[in-house]
Amino acid sequence: THTVPMESLHDSFSEDELRDFDRRVRAVVDDPVYVVEPKFDGLSVALEYVNGVYTRGSTRGDGITGEDVTLNIGTIKSVPKTLKEPLPFLEVRGEVYMSDESFLRLCERQELLEEKPFKNPRNAAAGSLRQLDPGIAAKRRLDILVFNLQLAEGAEFQTHSETLDYLRNLKFKVIPYTLCRDMDKAEQLIAELGETRYDLPYDIDGAVMKLNSLAGRARLGSTAKFPRWA
């Protein structure tokens, strides 16, 4: 069971819907600052650390309960096993993915072995993470990008961007992000992600826009399914 529920995101498909989101946020939060990030097409996971030591990894599942994939996540080289700042408890959320290069190599091996190749990198990452043998997951060169601090006992933060910078300092591989204060800039950033997505070494399936203020997020809260601040 996840310590903090792993919520999904509400999808928007037009500039009008983005503007509606902004109006709803501004009705509660004065002068909001947003964070725009690429939305990675992978498998959402939670990593838990006790006294600075990696202790458990799990899939999102239904958002409340996930699958225990501790050993397989532990084979990912970019997952730190010990942290230089040993908080009593730390939980982060990230996206496990397979780069396009690793995916092509895997498909070539599967074809040589006359196995049915995976359809896309996301399926390959999900299938690899659920292998009963961690050795198989290790050979498939999975990677992870952390995009949220779920819980940090013994540390306090004001903004989402502060948490990402903190996690980067702890040697997590953190998702790239850009801050913006108005919707014109946000729409420009989202359009740029769309234009450059095929130049990236991994797959993305959209952009994510989040309120930066953690206090503002607490005021906005969530629906039964989605956060109102993203």
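Taken over the range 65-117, the criterion of being farther than 21 Å from K39 by Cα and among the hydrophobic types (A, V, I, L, M, F, W, C) is satisfied by V69, L71, L83, L87, F89, L90, L104, L106, C107, L112, L113. The residues of the range 140-155 include none that are under 26 Å from D205 (Cβ atoms) and either surrounded by fewer than 17 Cβ atoms within 10 Å (Cβ to Cβ) or more than 22 Å from the chain's Cα centre (by Cα) (or both).
Annotation: of all residues in the range 84-120 being hydrophobic (A, V, I, L, M, F, W, C), under 24 Å from L164 (Cα atoms) and open to solvent by less than 20 Å² (accessible area, probe 1.4 Å), the one that is farthest from the chain's Cα centre (by Cα) is L87.
Restricting the range 207-230 to residues that are basic (K, R) and part of a helix (DSSP H, G or I) leaves a set whose member that is surrounded by the fewest Cβ atoms within 10 Å (Cβ to Cβ) is R219.
In the condition set (1) more than 15 Å from F172 (Cα to Cα); (2) under 22 Å from the mean Cα position of the chain (by Cα); (3) not charged (D, E, K, R), N51 is compliant with all but (2).
Which one of A137, A46, A125 is among the small types (G, A, S), within 21 Å of F172 (Cα to Cα) and out of contact with any strand residue (DSSP E or B) (no Cβ under 7 Å at 6 or more places or on another chain)? The match here is A137.
In the range 78-101, the count of residues that are among the acidic types (D, E), without any contact (Cβ under 8 Å) to a residue 40 or more places away in the chain and closer than 27 Å to Q158 by Cα is zero. Does I64 count as within 20 Å of L170 (Cα to Cα) and not in a strand (DSSP E or B)? No: the conditions fail for I64.
Conditions (1) in contact with a Leu (Cβ under 6 Å, 6 or more places away or on another chain); (2) more than 30 Å from L220 (Cβ to Cβ), marked per residue:
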residue	(1), (2)
T55	no, yes
S58	no, no
N72	yes, yes
E85	no, no
V92	yes, no
R109	no, yes
F118	no, yes
A126	yes, yes
L132	no, yes
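Just one of the listed residues (D30, D20) is acidic (D, E) and not in a helix (DSSP H, G or I), namely D30. Among all residues of the range 190-206, there is none that is among the hydroxyl-bearing types (S, T, Y), surrounded by 13 or more Cβ atoms within 10 Å (Cβ to Cβ) and over 24 Å from K77 (Cβ atoms). For the range 156-189, the candidate set comprises residues that are of a type in the set (A, V, I, L, M, F, W, C) and in a strand (DSSP E or B); within that set, the residue that is most open to solvent (accessible area, probe 1.4 Å) is L179.
The values are calculated or read from the model by the stated rules, or taken from the named source; none is laboratory data. This structure is a prediction, so every number in the text was calculated from the model and none was measured. FYI the Cβ positions are ideal-geometry reconstructions off the backbone, even for glycines, and counts take in every protein chain you see. Just the protein is used for accessible areas: all its heavy atoms, side chains included, with ligands, DNA and RNA removed. Shrake-Rupley method; radii C 1.70, N 1.55, O 1.52, S 1.80 Å.
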